[in-house]
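Each reported figure results from applying straightforward, stated rules to the coordinates on display, with no laboratory input. Since the structure is predicted, the reported quantities are computational estimates derived from the model, not experimental observations. Here the Cβ positions follow ideal geometry from the backbone for every residue, glycine too, while neighbour counts run over all protein chains shown.
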2 protein chains.
Amino acid sequence: MLVALAGGVGAARFLDGLTKVVKPEEVYIVGNTGDDTEIYGLHISPDLDTVIYTLAGLANPVHGWGIQNDTFEGLKALGALGQETWFQLGDRDLATHIFRTNCLLKGETLSATTATIARNLGVQSTVMPMSNDRVRTIVRTPAGKLDFQTYFVRRQAKDEVVGIKFQGAAKSRPAPGLLRAIRNAEGIIFCPSNPIISVGPILAVPGIRTAIERRKCPSVAISPIIGGRAVKGPAANMMETLGMEVSALGVAKIYQGLVDVFILDETDKDLAPAIQKLGMQPVFMDTIMRGPAEKKALARKAVQAVRKYRAL
Amino acid sequence: MLVALAGGVGAARFLDGLTKVVKPEEVYIVGNTGDDTEIYGLHISPDLDTVIYTLAGLANPVHGWGIQNDTFEGLKALGALGQETWFQLGDRDLATHIFRTNCLLKGETLSATTATIARNLGVQSTVMPMSNDRVRTIVRTPAGKLDFQTYFVRRQAKDEVVGIKFQGAAKSRPAPGLLRAIRNAEGIIFCPSNPIISVGPILAVPGIRTAIERRKCPSVAISPIIGGRAVKGPAANMMETLGMEVSALGVAKIYQGLVDVFILDETDKDLAPAIQKLGMQPVFMDTIMRGPAEKKALARKAVQAVRKYRAL
């Protein structure tokens with residue numbers, strides 16, 4: 001079993017490749033729920049859904065999130081009822097949130113509900129929220145504290161990020177079976193996700209970081225930063241305003257002690273000695289996932305890295 | 001102000017006419033919530049919605065319920081998630097239920113929520129649930145006790161009805177302002193709705209029946225039964241299996257003491273003496289609402305009946 005730590009779109013694209021180069025049922029995905037939110041009273045898990053929709057072949061290939069060819073009749077009607085509609089929820093997507101909210105209302109766990117959604121949509125990999133407890137990423141900005149989706153979607157990640165807090169993380173517990181999956185894993189993969197707000201919340205759940213530090217298998221990370229810029233999203237700006245080094249090396253520093261092999265773009269070859277100094281083995285390749293071929297190539301490289309490192 | 005007691009489709013059609021022959025803001029509609037239900041954890045008020053959608057000009061003219069040209073993408077997706085989909089909820093209709101459920105979750109009353117929905121959809125009449133308390137119509141059948149929508153929609157009203165119960169009615173209170181509206185009304189109108197399961201729950205809310213009995217204004221009812229048959233729905237079968245007389249006279253008997261003028265179809269002219277014996281003045285006309293003209297004609301007749309009876 002490969003355990004993959006995943007955020008949203010970048011991770012989903014990588015996992016789409018990974019589940020095509022290994023058996024999908026051998027991939028155990030740990031999803032970020034720090035950016036979960038409640039809209040219209042519905043529980044929304046954007047990162048889990050992005051991963052599930054992508055692996056189910058339903059994802060919108062343009063945005064990466066949402067469902068392809070989804071309609072927005074419900075959202076328009078909610079607008080007519082005076083509701084804010086900045087969070088784009090399509091009709092089929094809303095169905096997922098209605099279902100999830102109802103399951104939670106009936107006392108089911110988020111992990112059980114997520115498993116049901118994934119299974120019903122035909123996903124063969126395990127998709128596991130990092131925790132069944134409520135953890136919420138709060139972004140501190142000059143405009144005040146913002147919940148993650150307000151910062152990210154409503155205000156389009158334009159605020160300067162001066163601090164990040166994972167509310168509830170200290171008291172949260174890893175989802176059932178998650179630590180065992182890490183202990184028994186053949187390999188751990190940090191997907192090309194934002195290390196601060198996508199992987200950060202996962203590592204903030206007590207027990208997960210320690211389990212990875214004590215791993216008995218190789219751990220591989222793929223840098224989401226190429227040539228000092230984020231492939232997608234606000235990672236680079238955020239790293240800068242938080243006083244981090246905006247580069248793949250900056251990402252590697254965040255993962256020090258957790259990762260054995262660091263896959264980064266060949267344009268970042270000059271970072272090799274610095275990566276090695278952190279105790280990681282750098283692996284270079286073209287890491288931009290333009291299409292299915294590149295997704296699979298990157299996934300294959302990650303799997304090879306796990307196998308090679310194990311053979312050392 | 002005219003106070004109208006209303007069920008679903010038949011009432012909505014009549015009210016569509018009524019709000020065109022008097023000022024819509026002078027119509028105060030008391031809606032049945034005995035057939036409210038929870039589906040996917042969403043609070044659904046079918047009769048209130050049918051009235052609101054109709055007065056907003058959004059109703060599906062074929063079924064009478066739901067929204068015209070609504071799409072069913074969310075419902076299909078809920079089906080794919082393993083949910084039952086026998087209750088046909090369109091995407092725009094779902095938006096209403098999401099909104100209502102969220103308002104109730106935040107502690108708002110059903111009456112306030114209903115008013116917001118009606119206002120936002122452009123309805124100028126007052127649409128008031130009979131009660132903010134939970135009342136549920138339970139139908140006793142040879143197959144056991146069924147909640148109303150299971151009996152009506154899922155099992156298509158095919159079960160023999162041997163009893164009716166309005167669960168929660170005894171402890172329910174009329175919605176705020178409702179009794180005052182009845183006391184101050186210029187006229188009370190019993191819409192052409194099922195007297196047992198549409199108007200019945202309204203009259204079962206303690207205080208409402210008494211307020212109508214003590215009315216200081218004329219009260220007019222329109223028979224939903226013509227020539228011994230229901231214009232729509234299971235009223236006739238239900239009256240039969242409950243041991244009532246299946247005719248407009250049977251309806252009049254249910255309303256004895258509550259109604260001064262009884263409008264019935266001209267095909268039922270032979271019932272005149274019996275209606276008069278119940279203390280009601282019969283008024284005959286073509287009561288089938290085939291289209292806008294007939295809706296308005298029926299409404300005009302009801303309004304005239306109020307005025308004439310007042311002038312007596």
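Points to keep in mind about this one:
- For residue A:4, nonlocal amide neighbours, meaning residues 5 or more places apart or on other chains whose placed amide H falls under 5 Å from its own, are A:28, A:29, A:30, A:189.
- Rounded to the nearest 500, the 222 nm mean residue ellipticity of chain A from helices alone is -11000 deg cm²/dmol, with -39,500 (n - 2.57) taken per DSSP H run of at least 4 residues.
- The longest stretch of chain B left intact once loop-based trypsin sites (Lys or Arg not before Pro) with at most 12 other Cβ atoms within 10 Å are removed from consideration, loops following DSSP, is B:1-105.
- If only the Cβ of Lys and Arg carry +1 and only the Cβ of Asp and Glu carry -1, the dipole of region A:36-129 around its Cα centre is close to 240 debye.
- With respect to the axis relating copies B and A by rotation, the chain B residue whose beta carbon is closest, plus that distance in Å, is B:91, 2.
- Phi-based couplings in Hz for region B:181-189 (Karplus 6.51, -1.76, 1.60; Gly and Pro marked x): 4, 5, 4, 8, 5, 7, x, 10, 10
- When the Cα atoms of region A:47-200 are aligned to their principal axes, the ranges along those axes come out at 50, 40, 33 Å in descending order.
- Candidates A:43, B:306, A:306 compared by Cα position along the dipole of the protein assembly as shown: farthest toward the positive end lies A:43, with charges placed on Cβ.
- Each 5 Å bin from zero up to the one holding the largest Cα-Cα distance in region B:97-138 carries the following percent of pairs: 5, 24, 27, 24, 14, 5, 1.
- Interchain or long-range residues, amide H under 5 Å from residue B:164's placed H: B:140
- The separation of region A:1-42 from region B:205-235, counted between C-alpha centres, amounts to 58 Å.
- Placing +1 on the Cβ of every Lys and Arg and -1 on the Cβ of every Asp and Glu, with nothing else charged, gives the protein assembly as shown a dipole about its Cα centre of roughly 920 debye.
- With eigenvalues of the C-alpha gyration tensor scaled by 5 and rooted, region A:125-266, Å: 25, 20, 12
- Long-range tail of P(r) for chain A (Cα pairs > 37 Å, %): 10 percent
- Likely footprinting exposure, B:40, B:28, fewest C-beta neighbours within 10 Å first: B:28, B:40
- Using C-alpha pairs below 8 Å separated by at least 6 residues, the relative contact order for region B:171-311 is 22 percent.
- Per residue Cα convex hull volume in Å³ - calculated over the protein assembly as shown: 153 Å³
- Derived scalar couplings between HN and Hα for region B:206-215 equal x, x, 6, 4, 4, 4, 6, 4, 8, 4 Hz in order, rounded to whole Hz, by the Karplus curve 6.51 cos²θ - 1.76 cosθ + 1.60 (θ = phi - 60°), x for Gly and Pro.
- Region A:36-129 - percent relative contact order, Cα under 8 Å, separation 6 or more: 26 percent
- Cα gyration tensor, region A:112-177 - rounded (a/c under 1.5), prolate or oblate: oblate
- Compared with the direct C-alpha span, the chain from residue B:143 to residue B:266 gains 40.5 nm at full extension, assuming 0.36 nm per residue.
- Estimated FRET transfer efficiency when R0 is 51 angstrom, pair residue B:124-residue A:290 (beta carbons, to 0.05): 0.35
- Normalised by 2.2 N^0.38 Å, where N is the number of residues, the alpha-carbon radius of gyration of region A:36-129 equals 1.05.
- Taken one residue at a time, the phi angles of region A:219-225 give Karplus couplings (6.51, -1.76, 1.60, θ = phi - 60°) of 10, 10, 10, 10, 6, x, 10 Hz. Gly and Pro are set to x.
- Entries of A:76/B:296; B:232/B:296; B:269/B:301; B:158/B:296; B:20/B:301 with Cα pairs more than 21 Å apart: A:76/B:296; B:158/B:296
- Between the amide H of residue B:219 and those of B:188, B:260, B:261, distances stay under 5 Å, these residues lying 5 or more places away or on another chain, with hydrogens modeled in the peptide plane.
- Relative contact order, whole percent, for chain A stands at 20, derived from Cα pairs under 8 Å and 6 or more residues apart.
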